[in-house]
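The structure under discussion appears below in the form of structure tokens.
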Amino acid sequence: MKPLTECTIGCEGRIVKIKAKDPIKGRLFSLGLAKGSEIKILDHTLAKQTWEVESDGTKIALREEEAASVFMEPKGGCK
Amino acid sequence: MKCRNCDTDESGSRNGTGTEQKMKKIKVALAGQPNVGKSSIINSMTGARLHVGNFSGVTVEKKEIFIEKDGYEIEMVDLPGIYSLNAYTPEEQVAKKFLYNEDYDLIINVADANTLSRNLIFTFQLMDMQKKMILVVNMIDEVEKQGGKVDRDKLEELLGIPVILTSAKEHRGVDEIVDHVIEVYTSQKPKNKLFYDERIEEQIEKLVKMLHKSPHFKDPDEARFIAIRLLDRDEEVYKVIHDLPIFIELHEMLGQIYRELEMEFDEESTSDILSDERYAMAKALVLKALKKPPKKLTLTDRLDRLLIHPILGLPIFLFFMWLLFQITFEVGSVPMEWIDAAFTEISNTINAVLPAGAIQSVLADGIVPAVGSVIMFLPNILILFLGINLLEQTGYMARAAFLLDGFMKKFGLQGKAFIPLVSGFGCTVPAYMAARTLKNPKDRIITMLVLGFMSCSARLPVYVLLIGAFFPTSHAGNILFIIYISGAILGLIVAKILRMVLFKGEPEPFVMEMPPYRFPSMKALGVELWIKAKLFLKKAGTFIAGASMIIWFLSSYPHDSLLVQSYEAKIEAAIDEAAKMQLQSELAAKELENSYLGTIGKTIEPVFAPLGFDWRVSVATIAGLAAKEVVVSTLATLYAVGDADEKSNTLIERLRENISFKAAVALIVIIMIYSPCIAAMSTFWAEVPQWAWRGFYMVYPNVLAWLMAFGVYNLLGVLGY
Ligand SMILES: Nc1nc2c(ncn2[C@@H]2O[C@H](COP(=O)(O)OP(=O)(O)OP(=O)(O)O)[C@@H](O)[C@H]2O)c(=O)[nH]1
Ligand SMILES: [Mg+2]
């Protein structure tokens with residue numbers, strides 16, 4: 001288990017924990033980021049301040065702080 | 001089927017109702033997550049022209065559209081998109097307030113077939129309301145193109161409400177919607193209940209019993225909804241309960257229930273428990289009703305690899321913006337001469353047809369050239385709008401917000417603020433409205449305070465005119481780009497200062513959906529441009545024409561007959577033609593200076609004198625507070641008279657002769673920074689209730705504009721211009 005911000009572009013896995021507090025947690029949830037959903041890291045900006053992830057067909061942009069509060073279990077092959 | 005107010009552009013206002021008294025009325029609320037195509041569906045159903053765009057938060061206030069069928073008058077209310085009933089941003093609050101408090105007959109819940117499962121989570125929340133409801137699954141074309149399929153019957157069976165599959169883009173299924181509305185409205189079918197886990201139901205039951213003690217919640221359906229919302233930690237509902245006599249008892253019970261459920265489910269909050277429940281239900285439903293092909297690499301994935309590439313993304317974005325302003329200037333100036341020639345021709349015709357006098361003069365010297373001087377810029381404005389529209393329709397807007405978020409954060413703003421800021425390049429009025437998509441009130445007010453620095457399209461004519469007059473044509477597009485970028489950078493700097501001085505605190509978190517890229521429909525683009533062109537021409541024909549009439553009047557009266565007589569005598573006495581001309585123009589100049597406007601101008605001139613403005617530029621600047629195009633039309637009127645040199649036929653040449661380069665740049669700076677037009681100012685007032693901010697907003701841009709212009713004017717002076 002590690003925060004999204006420690007994963008590299010292309011990394012895939014499953015969300016195991018979301019540490020964010022409401023209302024951010026609720027917002028992430030309504031975009032499809034919930035415990036148990038599949039997730040893939042698509043992109044980040046040069047300074048890694050903003051991240052893009054994909055879950056169940058929805059692409060979501062989030063800031064470093066929010067991304068760091070989402071923890072995933074990467075599937076084999078990604079660092 | 002008839003649509004009564006389809007041609008109201010974006011206003012959606014209701015016209016006369018007198019004749020259709022007998023019609024039965026049905027009021028329908030269109031609710032759904034953002035960017036699922038709610039507005040598109042209404043457009044496709046009724047031929048209305050609601051604004052659509054491929055990003056979340058296009059619609060930020062409710063709009064009503066009326067249609068008639070089979071003796072029913074159906075009012076469709078297009079609501080802003082809302083992700084969840086636990087609303088987050090102000091525009092979501094608009095939708096939530098409507099759903100909770102307004103009186104309507106049924107809900108059409110629009111869902112995006114591409115992301116059905118997360119859409120269904122919201123559907124379940126809506127179903128808790130126990131209103132009559134229809135589910136419309138839109139974007140079916142996109143799912144089918146990828147080889148997927150939605151099983152409508154299965155969905156209907158599992159949800160227990162009517163389901164319609166639609167594609168607003170291909171106009172499929174949308175006509176069925178009205179029939180279903182009427183059918184559901186008239187049918188007496190029992191409403192469908194959604195049941196949660198037994199342990200949750202037990203607690204809901206307890207809460208309902210308690211609520212029944214209060215006379216407010218005798219209706220079991222409503223009590224159930226309130227109970228569920230309380231478990232979902234809905235603050236609005238909690239506020240309602242707070243004022244009831246049963247509150248103390250209820251509050252105690254709620255605390256108990258929260259603890260029990262949280263223990264039992266091992267979750268942090270009951271709202272998480274409900275979320276998990278709905279999530280599981282949605283997953284199960286989608287598994288049965290949606291056939292999904294294995295995921296392939298989509299066009300969006302491939303485009304994004306390049307367009308939001310960590311290194312290349314930002315340069316590509318800047319290139320697009322540069323290109324836009326280049327094209328705006330270059331291509332836009334092609335038809336300019338034709339338009340100019342056409343209006344000169346009109347003036348000449350008027351001079352030839354009408355007898356000399358005040359009427360001839362007000363038309364040929366006042367209104368026609370002034371309106372013409374503004375309409376000349378229609379092509380530029382349309383190109384700029386086309387660019388902004390492409391940004392909105394393709395889905396690139398969200399990418400730009402993504403790319404700029406880190407940069408904007410440094411200035412105390414968040415990436416999402418990019419959307420209102422870019423709309424500001426088009427028109428400041430909708431941009432102020434679009435700031436509703438920012439949740440944090442501080443972020444929102446900062447964004448609104450700096451929005452005026454994003455030069456709107458009405459300022460474009462002033463820029464193009466001044467660039468044409470004072471800069472080499474080969475660099476015109478670049479200069480235009482620099483002006484717009486400088487405005488944006490100034491906006492960021494001011495935002496940073498505001499953040500440090502007045503609004504301490506972190507900007508709100510940034511979480512945003514990135515929609516797939518979509519090809520904009522040519523028809524929709526055409527319609528948008530047509531609406532913009534119509535609005536612009538209307539404005540030129542009414543507001544600008546009116547303003548220029550006032551300017552003409554103020555600059556032509558009072559007549560000083562003594563002055564005229566003395567000059568006429570001199571002209572008679574003059575020896576050759578050249579001297580006659582000279583005297584004639586001297587007279588005209590004197591008359592202008594003695595006019596009402598001349599007097600006003602002389603009074604305000606000292607304020608602008610340090611910037612190198614003469615009284616005419618000063619008047620034009622002040623007149624620009626009404627609308628920025630008026631600056632151009634006023635300059636056209638004021639510099640049309642009192643000019644002896646026959647060579648300087650065009651406004652551009654006259655400006656060159658009368659205004660120094662330094663002063664022209666100072667004028668550009670003023671136009672860039674000072675208060676936007678009346679319409680924008682009143683929108684700001686409507687959106688911001690605090691008097692302190694209103695007052696601040698009225699003063700600071702003008703002071704800043706003057707100071708910056710003064711600085712630039714003197715800097716150029718030092719540099720030897
Ligand atoms: N392919 C396809 N695209 C669609 C369909 N319906 C809408 N769109 C596109 O989806 C985007 C969103 O449409 P809107 O009508 O603005 O969505 P909305 O639900 O009103 O969005 P908000 O007002 O932001 O809540 C636009 O780019 C539309 O062109 C459809 O059936 N098929
Ligand atoms: Mg909409």
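Give all pairs with beta carbons closer than 9 Å in which a residue from segment B:498-514 that is within 14 Å of another protein chain (Cβ to nearest Cβ) and over 15 Å from residue B:414 (Cα atoms) meets a residue that is open to solvent by less than 40 Å² (accessible area, probe 1.4 Å) and basic (Lys, Arg); count only pairs at least 6 apart in sequence or on separate chains. Close Cβ pairs satisfying both conditions: B:514/A:59; B:514/B:399.
Taking the numbered list (1) part of a helix (DSSP H, G or I); (2) crowded, with 16+ Cβ neighbours inside 10 Å in turn, residue B:538 passes all entries but (2). Condition check: within 16 Å of ligand 2 (Cβ to nearest atom) and part of a loop (DSSP other than H, G, I, E, B). Does residue B:57 satisfy that? It is true that residue B:57 is within 16 Å of ligand 2 (Cβ to nearest atom) and part of a loop (DSSP other than H, G, I, E, B).
Taking the criterion of being within 12 Å of chain A (Cβ to nearest Cβ) and open to solvent by 20 Å² or more (accessible area, probe 1.4 Å), the residues of segment B:229-264 that qualify are B:233, B:235. Please enumerate the residues belonging to segment B:498-534 that are touching a Gly at 6+ places or on another chain (Cβ under 9 Å), among the hydrophobic types (A, V, I, L, M, F, W, C) and part of a helix (DSSP H, G or I). Residues satisfying the conditions are B:498, B:500.
Residues that are within 9 Å of chain B (Cβ to nearest Cβ) and in a strand (DSSP E or B): does segment A:25-39 have at least one? No, there is no match, as no residue in segment A:25-39 is within 9 Å of chain B (Cβ to nearest Cβ) and in a strand (DSSP E or B). In this entry, residue B:274 is excluded by the filter for residues that are crowded, with 17+ Cβ neighbours inside 10 Å, facing chain A (nearest Cβ under 9 Å) and under 38 Å from the mean Cα position of the chain (by Cα).
When segment B:329-371 is limited to residues that are within 29 Å of the chain's Cα centre (by Cα) and touching a residue at least 60 places away in the same chain (Cβ under 8 Å), the one that is nearest to residue B:483 (Cα to Cα) turns out to be B:329. Residues in segment B:547-597 that are open to solvent by less than 40 Å² (accessible area, probe 1.4 Å), more than 15 Å from residue B:640 (Cα to Cα) and not hydroxyl-bearing (Ser, Thr, Tyr): B:547, B:563, B:564, B:571, B:574, B:579, B:583.
For segment B:586-690, the helices (runs of 4 or more DSSP H) that sit wholly inside it and include 2 or more residues that are of a type in the set (Val, Ile, Thr) and out of contact with any strand residue (DSSP E or B) (no Cβ under 8 Å at 6 or more places or on another chain) are B:596-608, B:615-623, B:629-638, B:661-673, B:678-687. Among the residues of segment B:299-312, those that are open to solvent by less than 40 Å² (accessible area, probe 1.4 Å) and in contact (Cβ under 8 Å) with a residue 60 or more places away in the chain comprise B:300, B:304, B:307, B:308. Of the numbered criteria (1) out of contact with any helix residue (DSSP H, G or I) (no Cβ under 7 Å at 6 or more places or on another chain); (2) within 16 Å of ligand 1 (Cβ to nearest atom), the one residue B:165 fails is (1).
Output yes when any residue across segment B:372-392 is within 13 Å of chain A (Cβ to nearest Cβ) and either open to solvent by 10 Å² or more (accessible area, probe 1.4 Å) or within 16 Å of ligand 1 (Cβ to nearest atom) (or both), and no when none is.
Checking segment B:372-392: not a single residue is within 13 Å of chain A (Cβ to nearest Cβ) and either open to solvent by 10 Å² or more (accessible area, probe 1.4 Å) or within 16 Å of ligand 1 (Cβ to nearest atom) (or both).
Regarding residue B:544, is this residue surrounded by fewer than 16 Cβ atoms within 10 Å (Cβ to Cβ) and either assigned to a helix (DSSP H, G or I) or within 14 Å of chain A (Cβ to nearest Cβ) (or both)? No: the conditions fail for residue B:544. Does residue B:96 satisfy the condition of being surrounded by fewer than 23 Cβ atoms within 10 Å (Cβ to Cβ), on the phi < 0 side of the Ramachandran plot, touching an Asp or Glu at 6+ places or on another chain (Cβ under 9 Å) and away from chain A (no Cβ under 14 Å)? No, not satisfied. The requirement of being among the small types (Gly, Ala, Ser) and not in a loop (DSSP other than H, G, I, E, B) is fulfilled nowhere in segment B:446-462; no residue meets it. Of everything in segment A:40-70 that is more than 8 Å from chain B (Cβ to nearest Cβ) and assigned to a strand (DSSP E or B), the residue that is nearest to residue B:292 (Cα to Cα) is A:55.
Scanning segment B:43-80 for residues that are away from ligand 1 (no atom under 14 Å from the Cβ) and among the acidic types (Asp, Glu), which turns out modelled with the lowest pLDDT?
B:70
Of all the residues that make up segment B:319-335, how many are surrounded by 18 or more Cβ atoms within 10 Å (Cβ to Cβ) and out of contact with any Gly (no Cβ under 9 Å at 6 or more places or on another chain)? Qualifying residue count for the region: 1. Residues in segment B:31-42 that are more than 7 Å from ligand 1 (Cβ to nearest atom) and either surrounded by fewer than 24 Cβ atoms within 10 Å (Cβ to Cβ) or not assigned by TED's automatic domain parsing to the domain that holds residue B:100 (or both): there are none. Being within 20 Å of residue B:706 (Cα to Cα), open to solvent by 10 Å² or more (accessible area, probe 1.4 Å) and among the small types (Gly, Ala, Ser) is the requirement here; does residue B:495 meet it? No: the conditions fail for residue B:495.
Condition check: among the small types (Gly, Ala, Ser), open to solvent by less than 10 Å² (accessible area, probe 1.4 Å) and at pLDDT 90 or above. Does residue B:168 satisfy that? Steps first, please.
On the way: among the small types (Gly, Ala, Ser): yes; open to solvent by less than 10 Å² (accessible area, probe 1.4 Å): no; at pLDDT 90 or above: yes.
Considered against the rule, which asks whether it is among the small types (Gly, Ala, Ser), open to solvent by less than 10 Å² (accessible area, probe 1.4 Å) and at pLDDT 90 or above, residue B:168 comes out as no.
Hey, can you tell me all the residues within segment B:709-721 that are assigned to a helix (DSSP H, G or I), touching a residue at least 60 places away in the same chain (Cβ under 8 Å) and open to solvent by 30 Å² or more (accessible area, probe 1.4 Å)?
Let us first name the residues in segment B:709-721 that are assigned to a helix (DSSP H, G or I), namely B:709-718.
With the extra rule that they be touching a residue at least 60 places away in the same chain (Cβ under 8 Å), the set shrinks to B:709-710, B:713.
Result: B:710, B:713.
Only one of the numbered conditions (1) within 24 Å of residue B:536 (Cβ to Cβ); (2) surrounded by 21 or more Cβ atoms within 10 Å (Cβ to Cβ); (3) aromatic (Phe, Trp, Tyr) is not met by residue B:481, and that is (2).
What's the total number of residues in segment B:69-82 that are open to solvent by 20 Å² or more (accessible area, probe 1.4 Å) and either within 14 Å of chain A (Cβ to nearest Cβ) or not in a loop (DSSP other than H, G, I, E, B) (or both)?
Filtering segment B:69-82 for residues open to solvent by 20 Å² or more (accessible area, probe 1.4 Å) gives B:69-72, B:75.
Restricting the remaining residues to those that are either within 14 Å of chain A (Cβ to nearest Cβ) or not in a loop (DSSP other than H, G, I, E, B) (or both) gives B:69, B:72, B:75.
Summing the residues that are open to solvent by 20 Å² or more (accessible area, probe 1.4 Å) and either within 14 Å of chain A (Cβ to nearest Cβ) or not in a loop (DSSP other than H, G, I, E, B) (or both) in segment B:69-82 gives 3.
Taken together, the residues in segment B:30-54 that are within 10 Å of ligand 2 (Cβ to nearest atom) and not β-branched (Val, Ile, Thr) amount to 12. So, in segment B:594-617, of the ones that are without any contact (Cβ under 8 Å) to a residue 40 or more places away in the chain and closer than 30 Å to residue B:565 by Cβ, which residue ends up farthest from the chain's Cα centre (by Cα)? Restricting to residues being without any contact (Cβ under 8 Å) to a residue 40 or more places away in the chain and closer than 30 Å to residue B:565 by Cβ, the top hit is B:594.
The C-beta contact set for segment B:73-94 (first residue in the same structural domain as residue B:436 (by TED's automatic domain parsing), second residue not in a loop (DSSP other than H, G, I, E, B), distance under 6 angstrom, 6+ apart or interchain) is empty. Screening residue B:123 on (1) under 36 Å from the mean Cα position of the chain (by Cα); (2) assigned to a loop (DSSP other than H, G, I, E, B) shows it passes everything except condition (2).
The values are calculated or read from the model by the stated rules, or taken from the named source; none is laboratory data. None of the values given here were measured: they were computed from a predicted structure. Cβ atoms come from the backbone with ideal geometry, glycine included; neighbour counts cover every protein chain shown. Surface accessibility is based on the protein's heavy atoms, side chains included, excluding ligands, DNA and RNA. Shrake-Rupley method; radii C 1.70, N 1.55, O 1.52, S 1.80 Å.
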